[in-house]
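The block underneath contains the structure these notes are about, expressed in structure tokens.
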Protein chains: 4
Amino acid sequence: MSDACDHVETLRVRYSDTDAQGIVHHSNYFRWLEEARIGWLEAIGQPYGRLTERGIFLPLTTCSCAFQTPVYAGERVDVHLNLDEVTRARVGLTYEIRRGEQVAATAASAHAYVDATGRPLRLQRDDPFWLALQEA
Amino acid sequence: MSDACDHVETLRVRYSDTDAQGIVHHSNYFRWLEEARIGWLEAIGQPYGRLTERGIFLPLTTCSCAFQTPVYAGERVDVHLNLDEVTRARVGLTYEIRRGEQVAATAASAHAYVDATGRPLRLQRDDPFWLALQEA
Amino acid sequence: MSDACDHVETLRVRYSDTDAQGIVHHSNYFRWLEEARIGWLEAIGQPYGRLTERGIFLPLTTCSCAFQTPVYAGERVDVHLNLDEVTRARVGLTYEIRRGEQVAATAASAHAYVDATGRPLRLQRDDPFWLALQEA
Amino acid sequence: MSDACDHVETLRVRYSDTDAQGIVHHSNYFRWLEEARIGWLEAIGQPYGRLTERGIFLPLTTCSCAFQTPVYAGERVDVHLNLDEVTRARVGLTYEIRRGEQVAATAASAHAYVDATGRPLRLQRDDPFWLALQEA
């Protein structure tokens, strides 16, 4: 567990994130990862809303999560996001979801760049998103 | 509890519909009502996808629900939908959510007709949706 | 729209709160109201987790919402909560959901006090929750 | 894409499963996988509710999904579930999510057996769940 990471997003666990087991439903971890991505894009000056206005969408091609300790309603979690690999056609991210000092889960997601119709895109070398990704 | 109603939609309660209390989270009842509306629109020959293609959207203006008995994961519920009142500008619906013979909740929703930009619409007298609503 | 209220809870709208209409799904407003209640209970020194440990649960008996303007992903909303009426058997709350200065929705919820088995409770006159509610 | 599989669960996509992109939110695929598991457990005579009454819980240790084609509100999907590997301490499942003949996504999940307090369990050789898993 390294403390250097590209972005940290702090989220409050909603009561409605839980299920009848009394803990957060696993599907909701992926909603937190998305919030971390959105926060990260904003932090690198490329808010998702502006990207989609420019016709750049980032749908998931794959995602995965390994669950270590449960998370409960009312807690706060820190999602540590790392840019894993990036090309002009796709980007891969990894995540740690932490409750305080404890790693509750690790996760990864891969995203293709597509246009509004879902067609794959290749970012231009001078595209501001591509430039921001390289700096990140 | 009357058995005549305009549409019955049978739904399976998803495990992910529950919360840490062990019962279905109240917000999800509104998702079931929506499924009942979608089933009803299809049953009257006006599937929601076709309405929106024609530029007719039915956002909620109000909704309410009274909860009587809890509902559990894995159960099946029958949503009984009734057309309450309808004009060329709006439509009101009422619902009973039943588990078998038991009424678990009663609910209501009101909807305006709006275009894709959210502007209020008044249905033409020969609009197929208006004609279908009057027959319903 | 009055600015005096018993509690304000600021929430970030999650991307996963939206639906295919491009706006927040109406069911998720009820999840925000719940977060406001949880924040309010904490603020009056009666966190919900502690209440449930003491065998006091606050299930909804009714809820309603009137929607005025849509809310979009990434926005922040302020839920203004007001204690409407309170007895030793039940509590009623009202809410305004605001985007900046604009009221996006108004809402209400009523809650019974029940024990872990769902049986109605009557709060004792010296119950710390009852005392806190009277001060609120 | 093989047609032999251990269980097929047919699900209707809810409108509230979608997000502002107009397609089903990726997190909801994991809710469908869960429904397929619950249907499969019922089909092998080991409904999840009965397992948890006996103190056997099946939390996820890992899950993953690869997304191929988007899924839209109102569609029906068939989740094809396969028992991948099973021991007396854990079980692994794989899934295909199909829209008609098309594979929309493939997925996997791994589950540990734990008791109500989250402690790992080892199934007894004569445990009805273990016997049912071996026949499956």
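Tabulated results
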read-out	value
Environment charge of D:C63, counting only residues whose C-beta is closer than 12 Å and scoring Lys/Arg +1, Asp/Glu -1	+1
Summed residue charge, Cβ within 11 Å of C:N82's Cβ, Lys/Arg positive, Asp/Glu negative	-4
Overall form of the protein assembly as shown per C-alpha gyration tensor (a/c, 1.5; a/b vs b/c)	rounded
Local electrostatic count at A:A116 - Lys and Arg +1, Asp and Glu -1, tallied over other residues with Cβ under 11 Å	0
Cut-off 15 Å, label 7 Å out along Cα→Cβ of D:T117, residues of the range C:23-63 by amide N	none
Within chain A: Cβ-based charge dipole about Cα centre, in debye rounded to nearest 20 (Lys, Arg +1; Asp, Glu -1)	360 debye
The range B:92-108 and the range B:1-65: distance between their alpha carbon centers, rounded to Å	11 Å
Shape of the range D:1-51, Cα gyration tensor, a/c cut at 1.5	oblate
Tilt relative to chain C, helix C:26-43 - C-alpha long axis, 0 to 90 degrees, to 10	50 degrees
C:D84-A:L131 FRET efficiency (beta carbon distance; Förster radius 45 Å; 0.05 resolution)	0.25
Mean ellipticity per residue at 222 nm, deg cm²/dmol - from DSSP H runs of n ≥ 4 across chain B, formula -39500 (n - 2.57)	-7000 deg cm²/dmol
Heavy atoms of B:H80 accessible to a 1.4 Å probe, total area in Å² rounded to 10	20 Å²
Averaged over B:59-69, number of beta-carbon atoms from partner chains that fall within 10 Å	6
Stokes-Einstein translational diffusion, the range A:41-136 - Kirkwood Rh over all Cα pairs, 1.306 mPa s, 10 °C, in µm²/s	108 µm²/s
In Å², nearest 10: area of C:C65 left accessible to a 1.4 Å probe	10 Å²
Mean separation of Cα contacts under 8 Å, 6 or more apart, over the residue count of chain B: relative contact order %	28 percent
Whether the range B:96-136 is rounded, prolate or oblate, judged on the alpha carbon gyration tensor where a/c under 1.5 counts as rounded	oblate
With all protein chains modelled, accessible area of B:W40 [1.4 Å, Å²]	10 Å²
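The values are calculated or read from the model by the stated rules, or taken from the named source; none is laboratory data. Treat the numbers as computed from the prediction; the structure is a model and nothing was measured. Virtual Cβ from ideal backbone geometry, glycine too; neighbours counted across all protein chains shown. To get the accessible areas, we keep the full protein, side chains included, count just its heavy atoms, and leave off ligands, DNA and RNA. Shrake-Rupley method; radii C 1.70, N 1.55, O 1.52, S 1.80 Å.
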